[in-house]
Structure formats: C-alpha cells, structure tokens
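The values are calculated or read from the model by the stated rules, or taken from the named source; none is laboratory data. Given the structure is predicted, the values throughout are model-derived calculations rather than measurements. All Cβ positions, even for glycine, are placed from backbone atoms using ideal geometry, and neighbour counts span all protein chains on display. Please note that ligands, DNA and RNA were not included when accessible areas were found on the heavy atoms of the full protein model with its side chains. Shrake-Rupley method; radii C 1.70, N 1.55, O 1.52, S 1.80 Å.
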Amino acid sequence: MWESLIGWAGWGTVGTVGAWIVTACLLIAGMIGCVLPVLPGHLILLIAAIAHRLMLGREGSGLDWWSFLVLAVLMAASQAFELYSGAAGTRWFGGTRWGAFGAFVGSIVGMFFMPFGLLLGPLIGALAFELIFARKELKHATVSGVGSVVGTVTGLVVKLAVGVLMLLWFFLDVFWIGK
C-alpha cells in the first residue's frame, strides 16, 4: 500500500503543499514571537527555514546553506541588542554604570515575569541600583529608570524590524537568490 501511495503522481504536489503549510505556520508563529515576548520569534523563523529545507531539499526549497548563517547572525545580533538595550537607554538618559548594570540585571530577572517583567525589570533594576549602589537621589534614579524603559522599547522595535528582515531574507532566497 505504501508503495502505491508514494508512486501516486500527485504525491509530489501534496508534499510540496504540506511543506509550505508547515513553513507558513512557523513563519507566522515566528513573527508573532517577535512581538510577544513569550515566544522566541527569531528562533522560530530560523527553524522555519531549516524545516523548509529539510522537507523540500536543496532544489525544492531554494535555500542555500549560507542563508542559515545569515539568519543565525541576524537572530544573535537581535537577541544581544534586545538584552543590552535597557542598559544602553539608562546610560543615554544620564544613568551611571550602576544604573546600566541594574537595568541589565533587571532585564534578565524580568524575563521570568512575563509580560510585565519585560518593562518593569529594567526599570526597577536601574532605579534600585542607582539608589542603592550609586547613591543617587530619587529624581536622578527615576530618570535613569525611565531611560531603561525607553531603551527596552527601542530594543523591541529593533527586534520586530530584524524579524521582518529575516522573513524578507527567507522569501528572497527561496524565490530569487536561491533559484
């Protein structure tokens, strides 16, 4: 029975359509993950490209091996920027190194308290470290904390932009570069 199913002339079309359905679902989930901090959006986009290549092969997918390298570098750069953005915002708004370190620690701790921890973690971290370790007054510490929130939001915008760039790269390679 299996041989007759594989020997069916329409099997290649069904396999290709199925592969594209799986790829499309992963790409959509990846883009949602670039907005919602609960899902690892960039990783899902990379997995979508890998799955697409595995399901359709080199010729059927149009993806070259170096595309995975480009997508992995974009993913890593975006993750690093997002993690560092709260600390950078703190420094941009005049915070001390202690405030930047507090925003960084707060962003890591905040990941465990999604979704509110995403913004509150760097804010509380920068505020607390400015008050406790840098011995700054409340006004300066508050400005530093607000800077961490501005930096974190900027990081989220960059994360979404990189997700769109990864999606565009995938489609460019599948339909234009790799063909």
task: Quick one: which residues, 5 or more positions from Lys136 or on another chain, have an amide H under 5 Å from its amide H? H modelled 1.01 Å from N in the peptide plane, none for Pro or chain starts.
output: Leu131
- request: Given the options Ile132, Ile47, Ile124, state which has the largest fluctuation in a GNM of the chain using a 10 Å cut-off (strictly under) for Cα springs.
  value: Ile132
query: Of the residues Phe104, Phe116, Phe68, which exhibits the maximal mean-square fluctuation in a Gaussian network model of the chain defined by a 10 Å Cα contact cut-off?
result: Phe116
- prompt: Each residue of the stretch 63-68 in turn: what ³J(HN,Hα) in whole Hz from Karplus with 6.51, -1.76, 1.60 and θ = phi - 60°, glycine and Pro shown as x?
  reply: 9, 8, 4, 6, 5, 5
message: At 1.4 Å probe radius, can you tell me the per residue accessible area of the chain in Å²?
response: 57
statement: Computed ³J(HN,Hα) along the stretch 25-32: with the Karplus parameters 6.51/-1.76/1.60, θ = phi - 60°, integer Hz and x for glycine or proline, the list is 4, 5, 5, 5, 4, x, 5, 5
field: Residue (of Trp65, Ala161, Ala128) at the positive-pole extreme of the stretch 62-179, dipole from beta-carbon charges
entry: Ala128
